[in-house]
1. I need the P(r) histogram for the stretch 163-279: all alpha carbon pairs, bin width 5 Å from 0 out to the longest distance, whole percents.
2. Treating only the Cβ of Lys, Arg, Asp and Glu as charged (+1, +1, -1, -1), what charge dipole size does the chain show about its Cα centre? Round to the nearest 20 debye.
3. Whole-Å semi-axes of the stretch 1-80's equivalent ellipsoid, largest first, each the root of 5 times a Cα gyration tensor eigenvalue?
4. Let me have the 222 nm mean residue ellipticity of the chain computed from DSSP H runs of 4+ only, each contributing -39500 (n - 2.57), with the sum over all residues rounded to the nearest 500.
5. Normalising by the residue count of the chain, find the relative contact order in percent from Cα pairs under 8 Å and 6+ residues apart.
6. Pop out the Kirkwood hydrodynamic radius of the stretch 41-97 from its pairwise C-alpha distances, inverse of mean 1/r, in Å to one decimal.
7. If you take the Cα Rg of the stretch 1-139 and divide it by 2.2 N^0.38 Å, with N the number of residues, what do you get?
8. How big is the convex hull of the Cα atoms of the chain, per residue, in Å³?
Amino acid sequence: MHLQRTLRRTIACAGIGLHSGKKVTLSLKPAAADSGIRFRRSDLGGQEVPAAVSHVGGINHATGLMRDTVRIDTVEHLLAAFVSLGVDNAVVELSSPEVPIMDGSAAPFVYLIQEAGIKPLSSARRYLKILRPISVTRGDKRIAVYPSDHFKVTYSIAFDHPMLRHQSRTIRLTEESFVEEIAPARTFGFLEDVEMMRQQGLALGGSLENAIVIGDTGVLNNALRFDDEFVRHKILDVIGDMALVGHPIIGHLVAHRGGHALHTQFAAQVLDDQDSWTLVEAPAQPVAAPLPAAEAVRAVN
Ligand SMILES: [Zn+2]
């Protein structure tokens, strides 16, 4: 059994929203077992929106949540960091509607969570273990999840653009592999789309400081962090979107040409398809081996 975890202390930072361009203060706070990840708007008297599939609302180049009239935008990178670092419960307080984009990746959120520290709680974590395949196809876009003893993601992307045709990657997700190989991968977009997005009131906070911009002859930024940074970022996005099911997944997620709309529709479908999964208290059944040393140290801290 693994214990649920939360943050050891509150930590805060400031930034701007990628789409709104608005300044925002972000505070990550400890929370009780079984309370999950909850977003709180300090500018709206502390009204809360839980990070749950049932509150998805407003998908437009980012994943938004909505409860009554309270909106939270661009939640995916922060949620990916929480689920990948094993933080089950936290309050995310924001002073405006959009989570700050930081550098366009999840690395700054990993840093914040590690600085806050992680604390075990007294209740067991429950994993959503896939027993039977579940899939959704929309035209040439497809996403599926298959039984596996681990959480793995395979993602492939294909664009009709000379600088970015096809990339594919499979990764077994652990805290370490997420931090090193996925979290630093940044948001990306095509220069030809930027003007259209701005006319729609999107990407107002976007710059080369927080997004890779792909022009006709190359990326406008100086350098990529990985040769295949684009597909790694898609893996980051799908981890964050699938975190809305509310439990870490044990299964192999396979996506082709997905986006936030497909990811979140799929998260809802997975939750609905209750015959195809079960909740378990340990990632692998039966549990024969003792916890790895690093895990055991964290558990008693
Ligand atoms: Zn993203």
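1. Pairs per bin, as whole percents: 2, 10, 18, 20, 19, 14, 9, 5, 2, 0.
2. Numbers: 30 positive and 33 negative charges, 116 e Å.
In debye, rounded to 20, the chain gives about 560.
3. The answer is 21, 16, 13 Å, longest axis first.
4. Result for the chain: -6000 deg cm²/dmol, rounded to the nearest 500.
5. 25
6. 11.8
7. Details: Rg = 15.2 Å, N = 139, 2.2 N^0.38 = 14.3 Å.
Normalised Cα radius of gyration, the stretch 1-139: 1.06.
8. About 127 Å³ per residue, rounded to a whole number.
Every read-out reported here was derived from the displayed coordinates using simple, explicitly stated rules and does not represent laboratory data. All of these numbers come straight from a predicted model, not from anything done at the bench. Note that we place each Cβ from the backbone using ideal geometry, even for glycine, and neighbour counts take in every protein chain shown.
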